[in-house]
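**Student:** The structure that follows is given in the form of structure tokens.
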Amino acid sequence: MIQSIAMHGKTTLMNRFRENINQYISLDNLDIPEDDSYQIWKKANSSMYEVLQFFVEANHFKDDFEYFHHVGYGLHVLAESKKTKVQYSFLFDRLTYDFSIECYIHNANSIKNLSDKFLTDFFTASEEYKFEFVEKSFFGKEVKAKYADLFMTFKGNIFRMMRNYFIGTSENGKVDELGNWEKSWSIDTPIETIFSEGPIVLKWFYKFNYQLWKAKKKLQ
């Protein structure tokens, strides 16, 4: 009985999410009064909150989260871990019509302390669920010339992340900004797929930052 109630709740949430997002998209094609537009945005934003909360609660993290949103051209809600202070974003881009989960890599200097087992499992998951390392480290022309062979066109998550970590450490003694993890779904992706993959992707993003946070704390 508990499972059937849970499934009914999930189905209701998916249907509401689909309906509210479709109405939100219609804002680009219809001449809608400002007050009505705001109500449509409000419902869509509320649905984004509900979905992100569903992703979080499905994982049963031993952590508490605060939820809030950014105002911009699209929908952007966030869940912040009270334990690690890391923010996890769920977004709908009004230009590309893509959904995404994103998180900034915190405590990047602790990457050297992550175990081979964890990194192997993480990057295996990145292949299966197609999440990407988005670079935030920007090196000047002199640095890129110095390591020219390493700045050829490489797409692999592992190589690009570790390259930027090692070059940042070598050149600056530390890594101030490494990048984000990001998983995207196109508007054509079935809602069921987003609801199935979302909690798994969030679990791995949370684990990655949690392991870095824990490694830093051990050294303090």
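**Student:** Would you mind telling me which residue in Leu114, Leu30, Leu150 has the biggest mean-square fluctuation in a Gaussian network model of the chain, where springs connect alpha carbons within a distance under 10 angstrom?
**Tutor:** Result: Leu30 has the largest fluctuation of those listed.
**Student:** Going toward the positive end of the dipole of the stretch 19-174, with +1 on Lys and Arg Cβ and -1 on Asp and Glu Cβ, which of Leu30, Phe159, Phe92 do you reach last?
**Tutor:** Farthest towards the positive end: Phe159.
**Student:** Hey, another quick one. For the chain, what is the mean residue ellipticity at 222 nm derived from helices alone (per DSSP H run of n ≥ 4: -39500 (n - 2.57); sum divided by total residues; nearest 500 deg cm²/dmol)? It would help to have the intermediate numbers written out before the result.
**Tutor:** Details: 6 runs with 116 residues, N = 220.
It comes out at -18000 deg cm²/dmol, rounded to the nearest 500.
**Student:** Moving to a separate point now. Multiplying the sequence separation of Phe68 and Asp149 by 0.36 nm and subtracting their Cα-Cα distance, what value in nm do you get? Could you put the intermediate results ahead of the total?
**Tutor:** Details: separation 81, 0.36 × 81 = 29.16 nm, distance 4.26 nm.
That works out to 24.9 nm of additional length.
**Student:** Here's something else I'd like to know. What is the fewest-to-most order of Lys42, Lys174 by other Cβ atoms lying within 10 Å of their Cβ?
**Tutor:** Details: Lys42 12, Lys174 9.
So the residues, fewest neighbours to most, are Lys174, Lys42.
**Student:** Provide Met14, Met162, Met152, Met48 in ascending order of the number of other Cβ atoms located within 10 Å of each residue's Cβ, fewest first.
**Tutor:** Details: Met14 18, Met162 15, Met152 6, Met48 25.
Final ranking by Cβ density, sparse to dense: Met152, Met162, Met14, Met48.
**Student:** Pairs of alpha-carbon atoms within less than 8 angstrom and 6+ residues apart define the contacts here; what relative contact order does the chain have, in percent? Please list the in-between numbers first.
**Tutor:** Working: 258 pairs, mean separation 49.0, N = 220.
22 percent.
**Student:** For the pairs Lys174/Lys216; Lys174/Lys214; Lys130/Lys217; Lys43/Lys207; Lys62/Lys136; Lys155/Lys183, note any where the Cα-Cα span goes beyond 21 Å. Before the final figure, lay out each step's value.
**Tutor:** Numbers: Lys174/Lys216 13 Å; Lys174/Lys214 18 Å; Lys130/Lys217 30 Å; Lys43/Lys207 31 Å; Lys62/Lys136 29 Å; Lys155/Lys183 15 Å.
Those over the limit are Lys130/Lys217; Lys43/Lys207; Lys62/Lys136.
**Student:** Pull out a ≥ b ≥ c, the square roots of the eigenvalues of the alpha-carbon gyration tensor of the stretch 80-220, then state rounded if a/c is under 1.5, prolate if not and a/b is larger than b/c, and oblate in the remaining case.
**Tutor:** Values: a/c = 1.93, a/b = 1.33, b/c = 1.45.
Oblate, because a/c is 1.5 or more while a/b does not exceed b/c.
**Student:** Note the per residue figure in Å³ for the convex hull of the C-alpha positions in the stretch 80-150.
**Tutor:** Working: hull volume 12.3 nm³, N = 71.
About 173 Å³ per residue, rounded to a whole number.
**Student:** Give me the distance in nm between label points sitting 7 Å out from Cα along the Cα-to-Cβ direction at Tyr129 and Leu219, one decimal.
**Tutor:** Reported label-point gap for Tyr129 and Leu219 is 2.7 nm.
**Student:** Got a sec? Charge dipole of the stretch 54-130, +1 on Cβ for Lys and Arg, -1 for Asp and Glu; which of Phe65, Asn113, Phe123 is way out at the positive end?
**Tutor:** Sorting the options by dipole projection puts first Asn113.
**Student:** Using the Cα centre as the reference, give the magnitude of the dipole from point charges on the C-beta atoms of the chain (Lys, Arg: +1; Asp, Glu: -1; all else neutral), rounded to the nearest 20 debye. Spell out each step's value before the answer.
**Tutor:** Details: 28 positive and 30 negative charges, 256 e Å.
The calculated dipole for the chain is roughly 1220 debye.
None of the figures in this text is laboratory data; all of them are computed from the coordinates on show. Predicted model only: the values in this text are computed from it and were never measured. No Cβ is skipped: glycine too gets one built from the backbone with ideal geometry, and neighbour counts run over all protein chains shown.
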